[in-house]
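Novice: Handing you a structure now.
The values are calculated or read from the model by the stated rules, or taken from the named source; none is laboratory data. Everything numeric in this text was worked out from a predicted model, so none of it was measured. Cβ atoms come from the backbone with ideal geometry, glycine included; neighbour counts cover every protein chain shown. Just so you know, the surface numbers come from the protein's heavy atoms only, side chains and all, with ligands and any DNA or RNA stripped out. Shrake-Rupley method; radii C 1.70, N 1.55, O 1.52, S 1.80 Å.
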Amino acid sequence: MLGHLRAVIGKATSVGPLGLAPLKYNLTCTNLQQTRNAVTGFNSHNVDQLWKSITLVSKQGQRRGRGKKTNSRLIKDLYKDQVMGDGKVKMVWPGLNSSVMRGRQVVQQERLETPVQDPNEAVKEAKETKQGRRRLHPLDRGYTSATICGRDLKNTTSLKFLDQFDYRVIDTRFVSHMTGMFGRYQRAAIVVVCGNGNGVIGIGSGKSMNKMHAVQQASNRAVVRLLYIERCNNHTVLHDFFTQFYATKIFVEKKPEGYGLDCHRVIKIICKLVGIKDIKARVEGSTMPMNIAKAFILGLVRQKKYEEFAEEKKLHVVEFDPKQRNFPKVLASPSICRKGSEIPTSESLDFKQHSLQGRVKYDKPKAEPFFTRLIGWNIHLKKEEKRRGARENLYELIAKYGESRSFLAEKYPEARLYNKIYPKNS
């Protein structure tokens, strides 16, 4: 060490290029001390090795699936957006933010008036120009704004789809199973329904580690598995029916035009993709979206025409519409019709009961208001018993005769209310 120090001092005591002798050092000075570079774990290992020493999980722990999420969150890039010499005062540090040699000259530490070119300038500009969360139209948000369930995939994703079909996600979840090699293996499971709005429907499911890849996989499978559904006047189902898939039971009722879709949200999406506009459906049992979709599509496929019902029962299918004063209208007739003597008394002739396979949906009774259990409610009923229905009858008389009078007013003119209390056309 002393031999090396003497050689350096010997060079320093030589005459410089300007003819000036530099400062001479005295070896006998008491302030001169030996120094050495300390080698520790912080300057002998890179950043990845240091983070690994903190977030390390043993091999047994890795097999059991430990430290998958928490360890990745702990690791942070401490040098992100940090540039040496870039601050309030722009400095040149040789060997750090600039090269040590510039040609044959040694770069000196100095202060710059012009800022140093930032190597992360492109990254910062991208962050500034980066748009935030994509704002969706309220009709495109689906069930909730947090998940993709119920969304129109064409308007909310950049995946590739066919132009003649619309795609909707009806269920998304994460499924996992244990493996001996990788531990708990987790994937995203997506269910997609596609349709053209004119009687064609398809359903498919996909699983993948990447959520968008699972959506694309499910969409491709839905297009391959297409079905055609018969509709009545292109707005509702052919008839009332009952369908079941495992523990999911659905009662579907045929409704007139303009009624709307009164059903579960999964059934509502399928109806829009098929082209059904008026329907009422009640779901009982399991409400798993996949089971509801399969049960409803299975019921649509199993629909029968009135001619098939007529041939099956060997009877005429007759409609009694109250809008037409229950005038009988024959919808279908069999090739050979049974006589009345051939029909057993135990056989039901109700078409609705036959189409629902003898099932009856459970109508839960409405809960009575709390005030019906109070003592004053009975007193109120006794007082209003004489006037019960008087207001409704009054409105009916005004609508029918143009004034509040009895149907015996023509025979008995005194059977008329006093006009000061109930004036005419009031």
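Novice: Using only alpha-carbon positions, what ratio does the radius of gyration of segment 269-352 give when scaled by 2.2 N^0.38 Å?
Specialist: My calculation over the Cα atoms of segment 269-352 gives 1.45.
Novice: A follow-up question, please. Hey, can you grab everything whose amide H is under 5 Å from the amide H of Ile279? Only 5+ residues off in sequence or another chain; H modelled, so Pro and N-termini drop out.
Specialist: Hits under the 5 Å cutoff: Gly260, Leu261, Asp262.
Novice: Taking the simple approach of a point 7 Å from Cα along Cα-to-Cβ for both Arg73 and Ile343, what is their distance in nm?
Specialist: In this crude label model, Arg73 to Ile343 measures out at 7.0 nm.
Novice: Report the full-extension gain for the segment Gln244 to Asn220: residue separation times 0.36 nm, less the Cα-Cα distance, to one decimal in nm. Please report the intermediate quantities before stating the final value.
Specialist: Numbers: separation 24, 0.36 × 24 = 8.64 nm, distance 2.65 nm.
Roughly 6.0 nm would be gained on extension.
Novice: For Lys280 and Leu96, calculate 0.36 nm times their separation in residues minus their Cα-Cα distance, and state this gained length in nm to one decimal.
Specialist: 58.9 nm
Novice: Could you give each residue of segment 185-202 its phi-based ³J(HN,Hα) in whole Hz, using Karplus coefficients 6.51, -1.76, 1.60 with θ = phi - 60°, and x for Gly or Pro?
Specialist: 9, 10, 9, 9, 10, 10, 10, 10, 10, 10, x, 9, x, 9, x, 9, 9, x
Novice: Pull up all non-local amide H partners of Arg173: gap of 5 or more, or a different chain, and H-to-H distance under 5 Å with H placed in the peptide plane.
Specialist: For Arg173, the qualifying residues are Ala189.
Novice: Let me ask something else. Glu368 versus Glu307, label points 7 Å from Cα toward the beta carbon: distance in nm?
Specialist: Distance between label points: 5.4 nm.
Novice: Right, here's the next one. Would you mind getting me the FRET efficiency between Lys80 and Val57? Use the beta-carbon distance for r and R0 = 30 Å, nearest 0.05. Let's see the in-between values first.
Specialist: Details: r = 25 Å, r/R0 = 0.82.
Between Lys80 and Val57 the formula returns 0.75.
Novice: Please report the accessible area of Lys383 (heavy atoms, 1.4 Å probe, ligands and nucleic acids excluded) in Å², nearest 10.
Specialist: Accessible area of Lys383: about 140 Å².
Novice: Go through Arg151, Arg104, Arg63, Arg265 and list them by solvent-accessible area, largest first, probe radius 1.4 Å. Spell out each step's value before the answer.
Specialist: Numbers: Arg151 30, Arg104 230, Arg63 155, Arg265 130 Å².
Reading off the accessible areas and sorting them downward yields Arg104, Arg63, Arg265, Arg151.
Novice: Please go through the residue pairs Lys160/Lys272; Lys313/Lys361; Lys254/Lys313; Lys207/Lys366; Lys268/Lys314 and name each one whose alpha carbons sit more than 31 Å apart in this structure. Walk me through the numbers before you get to the answer.
Specialist: On the way: Lys160/Lys272 21 Å; Lys313/Lys361 24 Å; Lys254/Lys313 21 Å; Lys207/Lys366 42 Å; Lys268/Lys314 35 Å.
The answer is Lys207/Lys366; Lys268/Lys314.
Novice: Once both labels are modelled 7 Å past Cα along the beta-carbon direction, what's the Asp163-Ile336 spacing in nm?
Specialist: According to this spin-label approximation, the distance is 5.5 nm.
Novice: Given a 1.4 Å probe and the protein chains all in place, what does the accessible area of Phe371 round to, in Å² to the nearest 10?
Specialist: 80
Novice: Enter the Cα centre distance for the pair segment 298-327 and segment 333-367, rounded to the nearest angstrom.
Specialist: Between the Cα centres of segment 298-327 and segment 333-367 lies a distance of 11 Å.
Novice: Another one. Please give the length that would be gained between Gln186 and Val47 if that part of the chain were fully extended, namely 0.36 nm times their separation in residues minus their C-alpha to C-alpha distance (nm, one decimal).
Specialist: 47.1 nm
Novice: Charges only on Cβ, +1 for Lys and Arg, -1 for Asp and Glu: so what's the dipole of segment 375-415 about the Cα centre, in debye to the nearest 20? List each step's numbers first, then the result.
Specialist: On the way: 9 positive and 7 negative charges, 42 e Å.
For this selection, approximately 200 debye.
Novice: When the solvent-accessible surface of protein heavy atoms is calculated with a 1.4 angstrom probe, in what order do Ser158, Ser219, Ser286 fall, highest first? Let's see the in-between values first.
Specialist: Working: Ser158 115, Ser219 0, Ser286 40 Å².
I get Ser158, Ser286, Ser219, largest accessible area first.
Novice: Can you give the FRET efficiency for Asp350 and Glu396, using 1/(1 + (r/R0)^6), R0 = 35 Å, r = Cβ-Cβ distance, to the nearest 0.05? Each step should come with its number before you reach the end.
Specialist: Values: r = 33 Å, r/R0 = 0.93.
Efficiency for this residue pair is about 0.60.
Novice: Turning to a different aspect of this structure: Counting only protein heavy atoms and a 1.4 Å probe, tell me what percentage of segment 304-365's accessible area is made up of carbon and sulfur.
Specialist: Working: 2740 of 5050 Å².
C and S fraction of accessible area: 54 percent.
Novice: Probe radius 1.4 Å, ligands and nucleic acids ignored: give me the carbon and sulfur share of the accessible area of segment 375-415 as a rounded percent.
Specialist: Carbon-and-sulfur percentage of accessible area, whole number: 55.
Novice: Say R0 is 25 Å: what FRET efficiency, to the nearest 0.05, do Leu136 and Met288 get from their beta-carbon distance?
Specialist: About 0.45, to the nearest 0.05.
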